Amino acid sequence: MDQISGWFREAQSGNRYALNQLIDYYQKDIFRFVYYRIHHQADAEDLTQDIFMQVIRRIRTVKDHSLFKAWLYKIARNRVTDFYRKKRILFFVGTTDDLDSDNCETSEQDSPETEVNKKEFITLLKCLSKDLSKWEREIFLMRFIDDLDIKDITLALGKNENTVKTHLYRALQKFKKHQKFRELLQTSKG
Amino acid sequence: MSEQKTKHLVDDAILWTFIDPDKLQESEKNHLQNCQICQDRQTSFMQELNEIKHLSQEFLPKPKLNLRPVSITKTVSPVFFRMKNALAYTFMVMICIGGVFGLWPSQNQIIDQVAIEQANTSIETMLNTTDADYQTHMDSILPVTFQYIVDDEFEIMSNPFYDYVFPISTLEVDDS
């Protein structure tokens, strides 16, 4: 963590190497954040690049290094929201057919078994997401996929800590009722 | 105490242990510390939640692009973009104004210009040919054997010797 805050301070003072290090450290996390929200690899890559472009432009505006992670996820979330807004407009105009893309891309290196498991995991995750409200879904994904703690989620979403906890509690209650998803998790765990 | 041991935690209390353990009552905390069944329920649920993270990492595709933005290696000042855009817009406006007021030649004008150029070229070629023919005729007035003894700059009309031999007056056609 000290190393990250060091890179952060150096990056703020214009050190490109430190900025590169910071980006390399977070790029996988941000890519995962975006990918599990839009489920499209190429779009997720583009959005991740956009997010880091914004980070480069505005990194000097962050006052405290402890807020950096939350600030980064806030940018990521806003960019995903923009993406869906744009997609909705294109859908309305008629230049795109799919509002909620159901494409689950598979890699050539994956074995057939992994591909099946991957598809099942993503399908069940989407299914759970549909049962959750907007905030419940966002907070659940941030907590259990992006591994953010409650404090960072609170800062990234700009919400009250108790509100975040309540949404998370409701999301967990709904997750508990999702037997199919839980069975998949139990079998893969075993 | 025995009642506390037999009364297991409800599901909601187990859920709250993942969100905010401080929200549990003291008795519930004590029970959780001592009850193996409740601890197993908590651990099992926690493993399921951890598995979400684990699988999400495992099934994450490898990015094909380098996710580090390109501009990090080459920074261009935003002023440059503003200037560039302003110049581009000015250029486009100038082209539009030129088109409206006829400053740029139309397609017909271009075709006319090409036709005029072609006509000029053919007229010039024709004149050159006529000039060369005329020169050839003038040079060959003398018999061939005599042509070698006169110099190249021979001009029949201005030479006084020929004027003496063939007086101009004799060559003139008598109209009467």
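The values are calculated or read from the model by the stated rules, or taken from the named source; none is laboratory data. Every value quoted in this text rests on a predicted model; they were computed, and no experiment measured them. No Cβ is skipped: glycine too gets one built from the backbone with ideal geometry, and neighbour counts run over all protein chains shown.
Structure above, values below:
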{"quantity": "Qualifying residue in the range A:16-32 (condition: assigned to a helix (DSSP H, G or I), β-branched (Val, Ile, Thr) and either more than 9 Å from chain B (Cβ to nearest Cβ) or loosely packed, with under 15 Cβ neighbours inside 10 Å (or both))", "calculated": "no"}
{"quantity": "Test: residue in the range A:178-188 that is crowded, with 19+ Cβ neighbours inside 10 Å, more than 10 Å from chain B (Cβ to nearest Cβ), touching a residue at least 60 places away in the same chain (Cβ under 8 Å) and assigned to a helix (DSSP H, G or I)", "calculated": "no"}
{"quantity": "Residue match in the range A:35-45 (condition: touching a Cys at 6+ places or on another chain (Cβ under 9 Å) and either at positive phi or not hydroxyl-bearing (Ser, Thr, Tyr) (or both))", "calculated": "yes"}
{"quantity": "Tabulated pairs, the range A:115-144, first crowded, with 17+ Cβ neighbours inside 10 Å, second acidic (Asp, Glu), C-beta under 9 angstrom, 6+ apart or interchain", "calculated": "A:117/B:58; A:118/A:110; A:118/B:58; A:121/B:58; A:132/A:138; A:137/A:131; A:142/A:152; A:143/A:149"}
{"quantity": "Residues that are more than 9 Å from chain A (Cβ to nearest Cβ) and either under 21 Å from residue A:143 (Cβ atoms) or assigned to a loop (DSSP other than H, G, I, E, B) (or both), drawn from the range B:15-31", "calculated": "B:17, B:21, B:22, B:24, B:25"}
{"quantity": "For residue A:50: the one exception among (1) more than 14 Å from every other protein chain (Cβ to nearest Cβ); (2) within 20 Å of the chain's Cα centre (by Cα)", "calculated": "(1)"}
{"quantity": "Qualifying position, being part of a helix (DSSP H, G or I) and at pLDDT below 90, among A:51, A:4", "calculated": "A:4"}
{"quantity": "Selection count where residues are modelled with pLDDT under 80 and assigned to a helix (DSSP H, G or I), scope the range A:82-112", "calculated": "4"}
{"quantity": "Near pairs, Cβ below 6 angstrom, 6+ apart or cross-chain, from the range A:48-71 (more than 16 Å from residue A:30 (Cβ to Cβ)) to any residue that is not aromatic (Phe, Trp, Tyr)", "calculated": "A:60/A:12; A:65/A:5"}
{"quantity": "Any hit, the range A:148-157, residues being within 9 Å of chain B (Cβ to nearest Cβ), at negative phi, of a type in the set (Val, Ile, Thr) and surrounded by 13 or more Cβ atoms within 10 Å (Cβ to Cβ)", "calculated": "yes"}
{"quantity": "The range A:29-47, residues that are in contact (Cβ under 8 Å) with a residue 24 or more places away in the chain and among the acidic types (Asp, Glu)", "calculated": "A:29, A:43"}
{"quantity": "Some residue of the range A:147-163 being in contact with a Leu (Cβ under 7 Å, 6 or more places away or on another chain), modelled with pLDDT of 90 or more and over 18 Å from residue A:31 (Cα atoms)", "calculated": "yes"}
{"quantity": "Which listed residue is closer than 18 Å to residue A:119 by Cα, modelled with pLDDT under 90 and either out of contact with any strand residue (DSSP E or B) (no Cβ under 8 Å at 6 or more places or on another chain) or within 14 Å of another protein chain (Cβ to nearest Cβ) (or both), from B:69, B:61", "calculated": "B:61"}
